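The structure appears below as structure tokens.
Quick note: the coordinates plus some simple rules give every number you see, no bench work behind them. Because the structure is predicted, anything quoted here is derived from the model rather than measured. A quick note on method: Cβ atoms are made from the backbone with ideal geometry, for glycine too, and the neighbour counts reach across all protein chains shown.
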Amino acid sequence: MPPIKVTDPSVLKLLKGLNPNKACGPDNIGPRLLRELSEQIASPLTTIIQQSLHDGTVPGDWRKANITPVFKKGQKYLCSNYRPISLTCVVSKLMEHVVCSSIMNHANMHNILYPLQHGFRARCSCETQLIDLVNDTCRVLVPNHIFHNIVFQQYSIIFIFSFSRHTIHE
């Protein structure tokens, strides 16, 4: 993979796209401030990100995070019913986005990823994977008048689809 190239326009676009209502990280620099000063800080920030990628290091303040337990479900007194949320500084998220975008662009350009891989690719969610699976299954089962019960499980949610002769002929 070629070195990641960070440009002023790409960083400026990311800064202008920040949601000003999101929380700031441990550095107490909020997205509203970064967005309002985007024109002035885009070039220095580009230089910092590019140098960080070149050196293979991340500034120390960018590695800090505020970790908060968030309740999932169940009984509130059990620790296992909480998941940790890491609130990192906004600028480190921008750098993460630059790296992730470059890796995904490279993988897509060179057909590195399996074509049926879903879940983290653009326009390929877990839902589209489920739709493709049901579509492929129906294409095989319906012409042959075969009925099956198929169970799809995603974490604690279970989808049950029944294909029967009665359903097929309707």
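The table below lists the values:
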{"item": "Positive minus negative residues near Pro26 (Lys, Arg vs Asp, Glu; Cβ under 12 Å)", "result": "0"}
{"item": "Anisotropy class of the stretch 8-109 from Cα gyration tensor, a/c 1.5 cut", "result": "prolate"}
{"item": "Relative contact order of the stretch 1-144, defined on C-alpha pairs under 8 angstrom at six or more residues apart (%)", "result": "20 percent"}
{"item": "All aspartates and glutamates inside 16 Å of Lys5 as judged from Cα atoms, apart from same-chain residues fewer than 8 positions distant", "result": "Asp55, Glu96"}
{"item": "Interchain or long-range residues, amide H under 5 Å from Tyr82's placed H", "result": "Lys72"}
{"item": "Inter-label distance, nm, simple model (7 Å from Cα along the C-beta direction), Cys124/Val99", "result": "2.2 nm"}
{"item": "The stretch 8-109, dipole about Cα centre (Lys/Arg Cβ +1, Asp/Glu Cβ -1), debye to the nearest 20", "result": "700 debye"}
